[in-house]
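Here's the structure we're looking at; comments come further down.
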Amino acid sequence: MTALENTTVKAPPRTLSERIVRFIGRTPVHLVLSLIALVWLVPSIGLFVTSFRPSADMRATGWWDISTWTNFTLDNYQRVISSEGMGEAFLNSLWITIPSTLIPLVIASMAAYALAWIKFPFRDTIFLIIVALLMVPVQVGFIPLVAAFRESGTGLLTGFGAVWLAHTAYALPFGIFLLRNFFITLPKDLIEAARIDGASNVAIFRTIVVPLSVPAIAALGIFQFLWTWNDLLMALVYVQRNAAQPMTVKVTQLLGTYATEWSLLSAAAFLIMIVPLVVFFSLQRYFVQGLLAGSVK
Amino acid sequence: MTATSRTASVSVAKTNQGGGGFSWSVLIFLGPAALFLLVFLVYPTIYTLLLSFNRGRGGEFTNWVGLDNWIRLFTNDPNFLRLGIPPSGALWNNVLWILFYVSLTVLFGLMIAVMATRVRYESSIKAIVFLPQAIAATSLAVIWRFVYSPDPDTGLLNALLGVFNAGPVALLGNPDTVNWALIGVGIWGSVGFATVILSAAFKGISSEVLEAARVDGASETQIFWRVIVPMVSLPISVVAVTLVVNVIKLFDLIYVMTAGGPGAASRVIAFSMYQEAFPQGQFGYGATIAVVMVLLLIPVMVYNIRRFRAEAVQQ
């Protein structure tokens, strides 16, 4: 929470009348901010409430009908998890996301180390090329890579291999960029001293650079985790077996089948949100740091 | 982390001793990344560019057609671009998104950032508007399909309109309203991002500047437009560029909320690329749209490289 905390310091009002004047002076601000909080919270609350309402109630009245809230049930969750395949899709999401987070973290931090602390010809040019590759959209890969995966006859597209490889590759430019910019700020003396003592690059990387860069690596890991967890497009293209689909794809299929069955759809949509919400609230500090580092360089 | 990465320096790094010249270390550390980037980014970009001059139907990449795909895309495909009054098509919808989504997201983000600094619950309000950033666009789309539901006993929006004896309206079912309804959801999803970044920038303005303006008799509106906005113009441009990139890559929200419909009224280019290439199997045509996306992103690429080089020189 630290990064979001209020850092402006104001003198506290001394007397009661001062407090009242100050409060009234700010009433418009309080009103506007309360309205904003409502607009941002109510749609999600509506979906959350609906996910616990029996579908008979859902068809009869709006979710805001508080008198029906006593009928709350877990049936919707039970049904989407067991009979609609969201349970299996949850596991698929995990199985797609974990390698798609860890593999690019390792590869990007190694490359970032080379670009920050090993001297070699054209190093800065290579780094600028990586900055340029930041803007390559995933769409350019779709047709050639799907064709190549299909022709390889390896079953990458029916398993998770294709989506792991694609997520890894398209995460690298940002990952290398972020980590290289962090690694380069590490104390030079420390790394020089280790080098004079005869430490190899592998040793310097493992014992100095990585341990000192945990906040940056964690921020990148959280971002990549949420990005792949929340991804729909890459899964649509690179996961071509129905039983391997993650939750995002499953929900779009449910929307096709049950267009107005909001009891089921809301429960399914919330299942996708649970993991990101836990990550967001428990690791918010890293999350905001990563966001700031990623956009305001 | 921002503070430290700003001190990053290319010139310092140049003097580091890493053995110099070619070494096995470089190959070991940089090799895997280089291989991935060459195989999965560089090679497909070239392949896709070539494919945009090919018919490419049904996985056959042998029928070279010159500029046919390009000519059809810009002159003979009303789903992609129809010039008229008013214009329509995916590319035009992207223009609408850039004009309204980007400017309103920045404006609301800055307003919330400025207002929030005046209250004790600043961190809570920022966390609330930031929350959609953590959520899958798929879930966000389900949330808003529900809000927009035409049935006043289901959709909150039409229930509220019903209180004022208006509606019900099917915003997502009407070609005249669908883009505005979607842009509204986009803004709702992104304001938190702008708020957090611009709030950090706004805190960098010394309170003396704001006090001086107040002492000189400037109104709060004048202070907002004449003092705060110019002083955070660089972070605003960074946020705006990020949002423009979001628009060019926009897919999930459209796919889940409207599937580009009704008809093709709410298509955007990233949606058209997927739609033409996969369900339709027109690989050459889809590749052409992918190249259009790359072309639109090249100015951002140049901007990033320039900004990065400028920073490196400053150090």
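We did not get these values from a lab; they are worked out from the coordinates using the rules stated. In this text, all values refer to a predicted model and were calculated from it rather than measured experimentally. Cβ placement follows ideal geometry from the backbone for every residue including glycine, while neighbour counts extend to all protein chains displayed.
Summary of computed values
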item: Net +/- balance of residues flanking A:Asn71 in space, Cβ distance below 10 Å, scoring K and R +1, D and E -1; result: 0
item: Alpha-carbon radius of gyration plus Dmax, which is the widest Cα pair, for the protein assembly as shown in Å; result: 25.6, 83
item: Rounded D (µm²/s) - chain B, Kirkwood Rh over Cα pairs, Stokes-Einstein at 25 °C, 0.890 mPa s; result: 106 µm²/s
item: Cβ-based exposure ranking for B:Asp216, B:Asp153, in which fewest neighbours within 10 Å come first; result: B:Asp216, B:Asp153
item: Estimated 222 nm signal from helices in chain A, with DSSP H stretches of n ≥ 4 weighted -39500 (n - 2.57), rounded to 500; result: -22500 deg cm²/dmol
item: Centroid-to-centroid separation of segment A:156-183 and segment A:210-282 [C-alpha atoms, Å]; result: 17 Å
item: Cα centre as origin, Lys/Arg/Asp/Glu Cβ charges: segment A:87-205 dipole, Debye; result: 180 debye
item: Helix-derived mean residue ellipticity, 222 nm - over chain B, DSSP H n ≥ 4, -39500 (n - 2.57), to 500; result: -18500 deg cm²/dmol
item: Kyte-Doolittle mean at least -1.0 and Cα axial length at least 27 Å: DSSP H helices in chain B; result: B:178-202, B:283-314
item: Amide H contacts under 5 Å for B:Arg267, placed H, 5+ residues apart; result: none
item: Rough spin-label spacing in nm, given labels placed 7 Å along Cα→Cβ, for B:Asn76 and A:Val39; result: 4.5 nm
item: Order of B:Ser272, B:Ser149, A:Ser17 - criterion: other Cβ atoms within 10 Å of each residue's Cβ, fewest first; result: A:Ser17, B:Ser149, B:Ser272
item: J(HN,Hα) series, segment A:226-235, from Karplus relation 6.51 cos²θ - 1.76 cosθ + 1.60, nearest Hz, glycine and proline x; result: 5, 4, 6, 4, 7, 5, 10, 5, 4, 5
item: Total lysine pairs whose alpha carbons fall under 27 Å of each other in the protein assembly as shown (8 or more apart, or interchain); result: 14
